[in-house]
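Trainee: Please find one structure pasted underneath; my questions will follow.
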Amino acid sequence: RIWLWLFGEGLVRTPDNFGTMGETPTHPELLDYLASELIESRWDLKHLVTMIVSSRTYQQSSSNAKDNPQFAIPNPQSVDPENRLLWRQNRRRMDAESLRDTILTVSHTLDTSVGGSNISNAKVVNVNDSSAQALEYYYQFADTRRSVYTPAFRNKRHELFEAFDFADINGPIGKRNTSTVAPQALFLMNHPFVMEQADKAAEVLLMSAKSDEELIKQAYREVLGRLPTEHELHLSQDFVRVSDAETDKEVQRVENWALFVQTLFASVEFRYLK
C-alpha cells in the first residue's frame, strides 16, 4: 500500500486481491525485502517511506522520451509500455484531497489547525431522526481546513471530491479509479469554489509591489512549481494587461489576474505530478 501511494501502482497491481485470482508481484524479492525492513524497524512507516523516496527508483524522471539519459536501453517504452519494470517514474494525477489543499494553499486560505470537530454546527442527533439525514444532504462544505478534515458522508461528498474520483466510503477500496472526463475540466473552469480561491490568490499576488513579469513568475512557481517559458511569459503578460479603454482599470486588473490564476488551476499540468 505504501508503494502504491508513492508510485501510483503497487508491486502487486491488485491491492484488493492477493489471492489466486489476483496478480503476482512484479518484484517479489523487493516486496519481501521491504516487508522485512518494516518489521525490523518495528513497523516504523516513516522509516520505510524515507527509504523508498530516497531511492534512485523513486527519484527517476517520469519522462518517456527516447533520448532520456537515464535509460539503460534505447526506447524502453516499446519493451515495457506499462512501466512494470520501473524504468521511469509514473506520471500521476493528484488525488482529490491534494488538489483541494493545493488550491487553498495558493490562495493563502488553507487552515492548518489540528484536531477538533470537522463538521460545522455538529451536534448529537439520533441517526434514525430525519434531522440526521438533513445534516448530510444539506451540508455546506464551507471550511478551508486540510482535506483530511473534510466530512466524508455516506451519500454526499464535496463536489471537488465527486469530480476527481474520491473513494466510495461504503466499501473497502485499496486503489481509487483515476478518470479523465469533461466534468473535471468544467469544474475547474466554472465552480464557485475554484473561482473564489482564484480571486483570493490574485489579491494576495497584487499586494506585493512587483512588476507583471515577476508576478507571473511567482504565480507559475506557486501553482505549477516551475518558471514560465519565454513564450508563456509573453502570453501571460498580454493576458493580464489592462486595456486603456477600461473605465475602472483597478477592478479590471484584479479580474484579469484572477482569471489568469484560474487558468493555471485549470491546466493539465496543475493536476498531474511529473
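The values are calculated or read from the model by the stated rules, or taken from the named source; none is laboratory data. These numbers were taken from a predicted model, which means no experiment stands behind them. Don't worry about glycine lacking a Cβ; one is built from the backbone with ideal geometry, like all the others, and counts go over all protein chains shown. When the accessible area is computed, the model is the full protein with side chains, heavy atoms only, and any ligands, DNA or RNA have been set aside. Shrake-Rupley method; radii C 1.70, N 1.55, O 1.52, S 1.80 Å.
Trainee: Based solely on C-alpha atoms, express the radius of gyration and the Dmax of the range 115-269 in angstrom.
Mentor: Considering the range 115-269 through its Cα atoms, Rg and Dmax are 19.9, 62 Å.
Trainee: If you don't mind, another one. For the range 1-89, what is Rg from Cα atoms divided by 2.2 N^0.38 Å, rounded to two decimals? Write out the running numbers ahead of the final one.
Mentor: Working: Rg = 14.4 Å, N = 89, 2.2 N^0.38 = 12.1 Å.
Against the empirical 2.2 N^0.38 Å value, I get 1.19 for the range 1-89.
Trainee: Collect residues whose amide H, placed 1.01 Å from N in the peptide plane, falls under 5 Å from the amide H of R145; neighbours closer than 5 in sequence don't count.
Mentor: Distant-sequence amide H within range of R145: D111.
Trainee: What does the accessible area per residue of the chain come to in Å², with a 1.4 Å probe and no ligands, DNA or RNA counted? Intermediate results must be reported in sequence, preceding the final value.
Mentor: Working: 16740 Å² over 274 residues.
On a per-residue basis, the chain sits at 61 Å².
Trainee: Using only Cα atoms, what is the ratio of the radius of gyration of the chain to 2.2 N^0.38 Å? Don't skip to the end; give the middle numbers.
Mentor: Numbers: Rg = 22.6 Å, N = 274, 2.2 N^0.38 = 18.6 Å.
Working it through for the chain, the quotient is 1.21.
Trainee: Go through Q70, A182, W3 and say which Cα lies farthest out towards the positive end of the charge dipole of the chain; charges sit on Cβ, +1 for Lys and Arg, -1 for Asp and Glu.
Mentor: W3
Trainee: Could you work out the equivalent-ellipsoid semi-axes for the range 202-274, taking the square root of 5 times each eigenvalue of the Cα gyration tensor, largest first, in whole Å? Could the numbers behind the result be given before it?
Mentor: Numbers: eigenvalues 96, 29, 28 Å².
Working through the eigenvalues yields semi-axes of 22, 12, 12 Å.
Trainee: Are there chymotrypsin sites (Phe, Trp or Tyr not before Pro) in the range 1-86 that DSSP marks as loop and that have at most 15 other Cβ atoms within 10 Å, and which are they?
Mentor: On the way: sites: W3, W5, F7, F18, Y33, W43, Y58, F71; in loops: F18, W43, Y58, F71.
Within the range 1-86, the qualifying chymotrypsin sites (Phe, Trp or Tyr not before Pro) (loop, at most 15 other Cβ atoms within 10 Å) are F18, W43, Y58.
Trainee: Ignoring everything except DSSP H segments at least 4 long, calculate the 222 nm mean residue ellipticity for the chain; use -39,500 (n - 2.57) per segment, divide by total residues, nearest 500. Each step should come with its number before you reach the end.
Mentor: On the way: 13 runs with 126 residues, N = 274.
Using -39500 (n - 2.57) per qualifying helix, the result is -13500 deg cm²/dmol.
Trainee: For the chain, with all protein chains present and a 1.4 Å probe, just round the carbon and sulfur fraction of the accessible area to a whole percent.
Mentor: Values: 9160 of 16740 Å².
Carbon plus sulfur share of accessible area: 55 percent.
Trainee: Okay, next question. Pop out the ³J(HN,Hα) list for the range 10-20 in order, Karplus 6.51 cos²θ - 1.76 cosθ + 1.60 with θ = phi - 60°, rounded to Hz; leave Gly and Pro as x.
Mentor: Once rounded to whole Hz, the list reads x, 5, 10, 7, 10, x, 9, 8, 9, x, 5.
Trainee: Report, in debye and to the nearest 20, how large the dipole of the chain comes out about its Cα centre when Lys and Arg carry +1 and Asp and Glu carry -1 on their Cβ.
Mentor: Numbers: 30 positive and 38 negative charges, 133 e Å.
The dipole magnitude comes to about 640 debye.
Trainee: Applying 1/(1 + (r/R0)^6) with R0 = 45 Å to the Cβ-Cβ distance of D44 and Q252, what FRET efficiency is obtained, to the nearest 0.05?
Mentor: Working: r = 55 Å, r/R0 = 1.22.
The value I calculate is 0.25.
Trainee: In addition: Please tell me the relative contact order of the chain in percent, rounded to the nearest whole number, where contacts are Cα pairs under 8 Å and at least six residues apart.
Mentor: Values: 260 pairs, mean separation 47.8, N = 274.
Over the chain, the number comes to 17 percent.
Trainee: Fully extended, how many nm does the chain gain between M21 and S243 (0.36 nm per residue separation, minus their Cα-Cα distance)?
Mentor: On the way: separation 222, 0.36 × 222 = 79.92 nm, distance 6.38 nm.
Between M21 and S243, full extension yields 73.5 nm more.
Trainee: Would you mind checking which residues have amide H under 5 Å from R93's amide H? H placed 1.01 Å from N; only 5 or more apart, or other chain.
Mentor: Result for R93 returns L273.
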